[in-house]
Amino acid sequence: MSKNKSLSCLSRSWPLLLLLFLALGIRLYIFKVMHPIVHTDSVTFLFLSELDMVRTPGYPGFIEAVLSLNDLFSTSSDYLRTIVFVQLFVLGLLNVGFIYDITRFLTASRGLAFIMGAFYNFNFFVVGFEIQLMTETLALTLLLGVVALYLRLFQGKHSWAALAGILMVLLIYTRATYLLLWLFLPMVTLVVFFPLSKSRKFLKFYAPGITLFLILSLLGVGGWSLRNKIKFDYMGISSLMPYQLRYYTNSLYAKYQPSGDMLVDRVAQVYAEEFGKTGHSSV
């Protein structure tokens with residue numbers, strides 16, 4: 001690469017580099033003063049080989065990979081701090097980069113992309129996920145990655161659809177509540193952009209990438225569902241529906257009826273009893 005090309009690349013990339021430097025500085029401070037937070041159910045993330053049909057393998061797999069590398073290089077005996085270190089300085093910086101990239105793609109403005117990335121760094125509610133053992137931590141990175149890579153389809157980069165599809169599967173494996181997103185994105189693409197294209201070339205241009213994205217997503221969803229069917233006689237990504245129904249919509253949870261599945265019905269009963277004791281509002 002010539003000197004002029006290097007200078008040109010640097011001039012285009014300086015907002016992102018400055019943003020990442022800002023993100024790094026903030027996370028160095030957070031890491032210095034933080035106390036890793038472990039939620040009640042976080043312990044179940046630490047046993048990848050013992051996952052039942054309730055847990056999906058995304059976040060446990062991430063933790064397993066982090067701890068395996070840590071043990072391989074004998075880096076630290078403080079496992080929680082090691083996990084949070086990776087979340088802050090790998091996932092956190094990826095999040096900033098993805099937000100910058102998505103904003104720049106949609107607005108063609110490096111300035112606005114810088115501002116959006118900076119806002120993320122100072123949103124400590126979101127950044128706070130990075131010091132906790134929660135599926136939301138990894139899910140946010142994967143969600144931003146899916147969107148960033150999926151947008152590349154509109155530049156005719158169909159090969160990026162494969163990476164978007166892989167990240168989509170990992171996102172569903174991490175947070176099963178994103179189960180329908182792999183159908184929603186292509187649906188929006190067809191419903192919104194096809195009428196605007198005014199040309200049959202639209203399908204020819206985008207169909208290969210969208211098809212690849214759908215196939216990979218379907219294989220991922222089907223593969224884990226089939227695993228649960230074979231191992232537990234449950235055809236689905238996760239059986240934690242009674243809790244999800246309560247968490248995301250109180251009215252549906254209140255209407256839950258016994259399904260005949262002893263485990264699922266027992267989970268529903270336990271949560272009903274607990275919410276009864278604590279008196280959580282149904283508003």
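The values are calculated or read from the model by the stated rules, or taken from the named source; none is laboratory data. Bear in mind that the values here come from a model prediction, so they are computed numbers and not experimental data. Every residue, glycine as well, gets a Cβ built from its backbone with ideal geometry; the counts of neighbours run over all protein chains shown. Surface accessibility is based on the protein's heavy atoms, side chains included, excluding ligands, DNA and RNA. Shrake-Rupley method; radii C 1.70, N 1.55, O 1.52, S 1.80 Å.
Observations on the structure shown:
- Counted residues, the range 221-233 - those being β-branched (Val, Ile, Thr) and surrounded by fewer than 16 Cβ atoms within 10 Å (Cβ to Cβ): 1
- Residue match in the range 120-138 (condition: closer than 25 Å to Gly222 by Cβ and either of a type outside the set (D, E, K, R) or in contact with a Lys or Arg (Cβ under 6 Å, 6 or more places away or on another chain) (or both)): yes
- Number of the condition not met by Leu142 [criteria: (1) assigned to a helix (DSSP H, G or I); (2) surrounded by fewer than 22 Cβ atoms within 10 Å (Cβ to Cβ)]: (2)
- Residue list for the range 155-187, restricted to those being open to solvent by 50 Å² or more (accessible area, probe 1.4 Å) and assigned to a helix (DSSP H, G or I): Gln155, Ser159, Trp160, Leu163, Ile166, Leu170, Thr177, Tyr178, Leu183, Phe184, Met187
- Flag set for Gly236, criterion: open to solvent by less than 90 Å² (accessible area, probe 1.4 Å), assigned to a loop (DSSP other than H, G, I, E, B), under 30 Å from Ala161 (Cα atoms) and at pLDDT 65 or above.
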